[in-house]
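First comes the structure, then the notes that go with it.
Each reported figure results from applying straightforward, stated rules to the coordinates on display, with no laboratory input. Only a predicted model underlies this, so the values are computations on that prediction, with no experimental measurement involved. Reconstructed Cβ throughout: ideal geometry from the backbone, glycine too, with neighbour counts over all protein chains shown.
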Amino acid sequence: MRAAVVSAAGQPPVLADFAAPQPAAGEQLVRVRAAAVSHVVKARASGAHYSADRQFPFVAGIDGVGTLTDGRRVYFALPRLPHGSMADQTVVDAGLCVPVPEGLDDATAAAIANPGMSSWVALTERARLQPGETVLINGATGTSGRLAVRIARLLGAGRVVATGRDAGALDQVRALGADAAVPLGADAKGLEGRFMREFAQGVDVVIDYLWGQSAESLLIAAAKAGRAEMPTRFVQVGSASAQDITLPAAVLRASASVLMGSGLGSVPVPRLIEITGQVLHATASGDLKIAFTPVAFDDFDQGWAQDDSTRRTVFIIKTAEAGNDR
């Protein structure tokens, strides 16, 4: 069968032939219809992600949309290695599948499932967002950040603050529902001051997609402007800017802020799948949208190299046994 195969560390996946999977007890065979590229997918393929297996060869992709042998159309996640979602077929634990709602097309479901789940989980399972609270999205101009703004609104946030480097993109995010925008820049002191003005008004939750300097400035500002009776819940989701930060220990001692992560390992996987189902239903009802670029699977090698932070790449996988006509 066709598959996006990673043959060695540091090498990108290429479209090649790979042995078709055979489901074991408790697994489902999935004929894949659509699979999206994400930061996690690229990081795992390169071996840089903390959840990477580093056993070669393997098929890229951690989730997608496909049909089971009984014809049901499902979103699925975490195929059994060495299989992945970017292939004609894969195998997954039967408990890691949820139905795709009628009216929601394959590509949209594949594009929105992972980033939508990530934001939803960060806000609900980790931050425990309450209606009317203020949410600051650090890194709101990318695909995941824009979606987080919409989800924060959908879940009842009273005020949403967005950060980003591109002024034009920040204007677009405000149109999506952000009440205020904080431009990010190289001046750490100036950025800290801008953040302190937001914390002076009250910031209950920070969802951080960047890490790096902006996260440092946020945590320092929270310590300087925060109040013990109103601690900020800082949820670390992504590291688009840097893998590490330098944070003085006194910042944490002087602050009532709660620092936590959100990702594989912080929430049970069955719960992640359950929440993905909620995201798909919200998308089917028109509450959520995402920009994406569909790419034929035969053009995988060119599509993998595409890099647009505002649009996801979704591979459309057609086979002779199961067309992709939805």
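Key figures for this structure:
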read-out	value
Output for region 2-42, where each listed residue is in contact with a strand residue (DSSP E or B) (Cβ under 6 Å, 6 or more places away or on another chain) and in a loop (DSSP other than H, G, I, E, B)	Pro13, Phe18, Ala20, Pro21, Pro23, Val37
Of all residues in region 174-208 being part of a loop (DSSP other than H, G, I, E, B) and not acidic (Asp, Glu), the one that is surrounded by the fewest Cβ atoms within 10 Å (Cβ to Cβ)	Ala186
Qualifying residue in region 62-69 (condition: farther than 28 Å from Ala3 by Cβ and part of a strand (DSSP E or B))	no
Every pair of residues 6+ apart whose Cβ atoms lie under 9 Å, when the first sits in region 286-297 and is farther than 17 Å from Ser144 by Cα while the second is among the charged types (D, E, K, R) and assigned to a strand (DSSP E or B)	Phe297/Arg2
Enumeration of residues in region 286-315 that are of a type in the set (Val, Ile, Thr), in contact with an Asp or Glu (Cβ under 9 Å, 6 or more places away or on another chain) and buried (at least 20 other Cβ atoms within 10 Å of the Cβ)	Thr313, Val314
Among the residues listed as Gln22, Gln28, Gln11, the single one being of a type outside the set (Asp, Glu) and closer than 16 Å to Cys97 by Cα	Gln28
Within region 144-173, considering residues that are of a type in the set (D, E, K, R) and either without any contact (Cβ under 8 Å) to a residue 24 or more places away in the chain or more than 25 Å from Pro231 (Cβ to Cβ) (or both), the one surrounded by the fewest Cβ atoms within 10 Å (Cβ to Cβ)	Asp171
Filter pass, Thr246 being over 23 Å from Gly145 (Cβ atoms) and either hydroxyl-bearing (Ser, Thr, Tyr) or touching a Gly at 6+ places or on another chain (Cβ under 7 Å) (or both)	yes
Qualifying residues in region 242-265 (those that are among the polar types (S, T, N, Q) and surrounded by fewer than 16 Cβ atoms within 10 Å (Cβ to Cβ)) - the one nearest to Ala223 (Cα to Cα)	Thr246
